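Peer 1: This structure is in structure tokens; I'll ask about it shortly.
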Amino acid sequence: MKPKSKLLLFLFCALLLPISLAAAPGMGGGIAHAEKAGNTIYLPIIIRADPNPPSDLVVFEAFLSPYCFYCQTAAPIIDNQLVPEYAGQPVLFLEYSALDYTPRQGRWWDGWAVGGSVGFPMVMTDSGNQVRERLTSGTDFYNLYKAMVDTALANPQINADIQTTVNRSSDVVNFTINVTNQGSLTLGTANKATLWVLVYEQSESGPVSDGLTQRYVRAQVSQALSANLAPGASAQYILTVNSLSGVDWNKMHAVVILDYKPNSSLRPYNTYQAKMVEIP
């Protein structure tokens with residue numbers, strides 16, 4: 001083929017490319033196969049996109065007690081109204097026991113910061129960026145919690161790419177987590193950056209055992225970032241959950257949360273990125 005003919009063929013293919021991308025079959029799976037229509041050949045184009053690209057995930061965490069009348073009132077509002085309302089949106093509703101102080105509940109108290117008496121239920125979004133309790137916030141739980149979720153959705157936290165490999169051997173689960181900092185902050189000891197894995201049980205109908213809702217956290221582990229993770233940098237972390245036994249692993253799921261202190265001189269934290277993962 002003469003050089004001029006090659007150039008014309010190249011220009012023709014370049015003009016045809018956007019049309020073949022839109023029309024060629026198989027794009028949903030990431031590969032456009034070669035097609036021939038008359039004398040036109042649609043060249044194969046391979047696209048390897050991340051099947052789980054970074055996106056915002058709002059984690060709504062409720063600390064409830066089965067002995068609390070107001071918690072018993074709030075729980076069905078969460079399950080029967082808010083969960084269906086936000087179905088298909090990146091929102092995860094989780095429950096903990098309000099009677100057991102855990103590091104995750106500590107995030108609520110850091111968000112509250114002012115101290116004093118509070119009333120159950122206690123709830124938070126984004127690792128304590130928003131916290132509410134009954135005594136000062138009232139008992140209009142639907143509108144109160146909906147406002148929190150809507151505020152969190154309106155301020156998405158898409159700052160890191162989190163890729164997790166999960167390996168389970170009996171009741172021991174290892175989470176190998178690769179984090180790439182895609183935000184503008186350096187994460188590390190200065191802002192108390194911490195990586196969490198929360199393992200929760202999900203019931204398909206009715207509250208789980210010991211809980212008032214259908215998603216109850218059974219285990220939580222965390223690791224503070226001891227070395228700085230600068231913007232654009234990547235690091236790998238391994239967190240292990242080995243505190244569960246005799247559970248139905250078919251009902252167990254997990255979420256990875258990376259949080260930090262926006263202001264190191266103040267107590268409240270905020271979520272940098274969160275992502276759901278499945279347990280085999």
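Computed from the coordinates by the stated procedures, all read-outs in this text should not be read as laboratory data. None of the values given here were measured: they were computed from a predicted structure.
Peer 1: Quick one, can you get me the convex hull of the C-alpha atoms of the stretch 160-278 expressed as volume per residue in Å³?
Peer 2: On the way: hull volume 13.2 nm³, N = 119.
Hull volume normalised by residue count: 111 Å³.
Peer 1: How big is the stretch 208-280 on each of its three principal axes, counting only the C-alpha atoms and giving the largest first in Å?
Peer 2: 40, 27, 19
Peer 1: What residues have an amide H closer than 5 Å to that of Val172, excluding those fewer than 5 places away on the same chain, when H is modeled at 1.01 Å from N in the peptide plane?
Peer 2: none
Peer 1: Beyond 27 Å, what share of the Cα-Cα pairs of the stretch 65-215 is found? Please give it as a whole percent. Please report the intermediate quantities before stating the final value.
Peer 2: Numbers: 3345 of 11325 pairs.
Everything past 27 Å amounts to 30 percent.
Peer 1: Something else: Please compute P(r) over all alpha-carbon pairs of the stretch 58-154, binned at 10 Å starting from zero, and give each bin as a whole-number percent.
Peer 2: Per 10 Å bin, starting at 0, the Cα pair percentages come out as 16, 55, 27, 2.
Peer 1: Could you pull out the pairs from Lys146/Lys251; Lys146/Lys275; Lys146/Lys192 whose alpha carbons sit more than 25 Å apart here?
Peer 2: Values: Lys146/Lys251 27 Å; Lys146/Lys275 21 Å; Lys146/Lys192 29 Å.
Listed pairs above 25 Å: Lys146/Lys251; Lys146/Lys192.
Peer 1: Through the Karplus equation 6.51 cos²θ - 1.76 cosθ + 1.60, θ set to phi - 60°, convert the phi angles of the stretch 248-259 into ³J(HN,Hα) values in whole Hz; use x for Gly and Pro.
Peer 2: 8, 5, 5, 9, 9, 9, 8, 9, 9, 10, 10, 10
Peer 1: With just the Cα atoms defining each centre, how far is the stretch 49-128 from the stretch 260-277? Give it in Å.
Peer 2: Using only Cα atoms, the two centres lie 15 Å from each other.
Peer 1: Please list the three semi-axes, largest first and in whole Å, of the ellipsoid equivalent to the stretch 65-118, using sqrt of 5 times the eigenvalues of its alpha carbon gyration tensor.
Peer 2: 23, 16, 10
Peer 1: Same structure, new question: Using 0.36 nm times the number of residues separating Glu278 and Asn167, minus their current alpha carbon distance, what extension gain do you get?
Peer 2: Details: separation 111, 0.36 × 111 = 39.96 nm, distance 1.02 nm.
Separation in residues times 0.36 nm, less the Cα-Cα distance, equals 38.9 nm.
Peer 1: May I pose another question? Hey, could you get me the Stokes-Einstein D for the stretch 124-166, Kirkwood radius over alpha-carbon pairs, 37 °C and 0.692 mPa s, rounded to whole µm² s⁻¹? Could the numbers behind the result be given before it?
Peer 2: On the way: Rh = 12.2 Å.
The estimated diffusion coefficient comes to 268 µm²/s.
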